[in-house]
Structures are given as C-alpha cells and as structure tokens.
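S.K.: Starting off with a structure, shown below.
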Amino acid sequence: QVQLVESGGGLVQPGGSLRLSCAASGSIFRINTMGWHRQAPGKQRELVARITTGSSPDYADSVKGRFTISRDYAKNTVYLRMNSLTPEDTAVYYCNANLQTTRYLPSRDYWGQGTQVTVSS
C-alpha cells in the first residue's frame, strides 16, 4: 500500500504564510509527479501546483508568484510554501502523487486525506 500523509494546514490571517508537507510512504518504485490540489466549499477540486521529475513546476494562475512547490526526492516528500494568503485560498488541500509501486505496473494516482487551510481575520 501507499500512503500520503499531509501536515501543515491551519488558520492564518490574510497576508500570512503557511507551509504544507506531504510524505509518501509504502511500496513505491518510482514517483513521477507530486503536487497539491484544493477544493473550496461548493467548488470543484482544482490543481494548485505540481512538480514532475525532471521538469519545472506547474502552478495555477491564481497562485503564481505567491506559492512555491518543492520536492525532496530522497524523502518522497513534497512541500507547498504559501505566501500572501487571501480568503480565496481557503480550501481543503489534497496531496497527490502519480507513482508506480513496481516496475511491472503502470503508474496511478494516489491522494492524501486532505488538510484544511483557512484564511480569515
């Protein structure tokens, strides 16, 4: 099995910062992409940022210049540094990884349980 465990969510004031972490563990052969999605109440889940091995990170337009994604390949961990947070960033943030558990199986997506980020004064 594969587990994605997120941490770092919480309540922050507008203009503040948070850092989310997500560690992948279990039977992992190769991770292709790790990233973050978010879902606000009444809205669809959307991509926030992702980083694929050997490629530059991708960001949603709404977070460019404010959020930074990084990855520790040795620890199978992805981070999301969020600066200049606004109430519009309030959502449940989900970690996602596209990975292979063995060399013989195709890659598939795995999801974390989600962590709440609330931006409010």
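S.K.: Measuring with a 1.4 Å probe in the full set of protein chains, what accessible area per residue, in whole Å², belongs to segment 22-121? Could you put the intermediate results ahead of the total?
M.R.: Details: 5380 Å² over 100 residues.
Using a 1.4 Å probe on heavy atoms only, each residue of segment 22-121 averages 54 Å².
S.K.: Mean separation of Cα pairs under 8 Å and 6+ residues apart, divided by the residue count of segment 30-110: what relative contact order is that in percent?
M.R.: Dividing the mean separation by the residue count of segment 30-110 yields 35 percent.
S.K.: Another question about this same structure. For segment 19-121, with the dipole built from +1 on Lys and Arg beta-carbon atoms and -1 on Asp and Glu ones, taken about the Cα centre, which of Val48, Ile31, Gly112 lies farthest toward the positive end?
M.R.: Value computed over the given set: Ile31.
S.K.: Heavy atoms only, probe 1.4 Å: what % of the accessible area of segment 15-81 goes to carbon and sulfur, would you let me know?
M.R.: 45
S.K.: Run the dipole for segment 44-96 about the Cα centre, Lys and Arg Cβ at +1, Asp and Glu Cβ at -1, nothing else charged, and hand back the magnitude in debye, nearest 20.
M.R.: The calculated dipole for segment 44-96 is roughly 200 debye.
S.K.: Taking the Cα centre of the chain as origin, sum charge times position over the Cβ atoms of Lys and Arg (+1) and Asp and Glu (-1), and report the length of that vector in debye to the nearest 20.
M.R.: So the magnitude is around 260 debye.
S.K.: At a 10 angstrom cut-off on C-beta neighbours, averaged per residue, how do the peptides 31-37, 81-87, 42-48, 68-74 rank from highest to lowest?
M.R.: 31-37, 81-87, 68-74, 42-48
S.K.: Determine the shape class of the chain: with a ≥ b ≥ c the square roots of the Cα gyration tensor eigenvalues, call it rounded for a/c under 1.5, and otherwise prolate if a/b is greater than b/c, oblate otherwise.
M.R.: prolate
The values are calculated or read from the model by the stated rules, or taken from the named source; none is laboratory data. Small disclaimer: the values here were computed from a predicted structure and weren't measured. No Cβ is skipped: glycine too gets one built from the backbone with ideal geometry, and neighbour counts run over all protein chains shown. Calculation scope for accessible area: heavy atoms of the full protein, side chains included, ligands and nucleic acids excluded. Shrake-Rupley method; radii C 1.70, N 1.55, O 1.52, S 1.80 Å.
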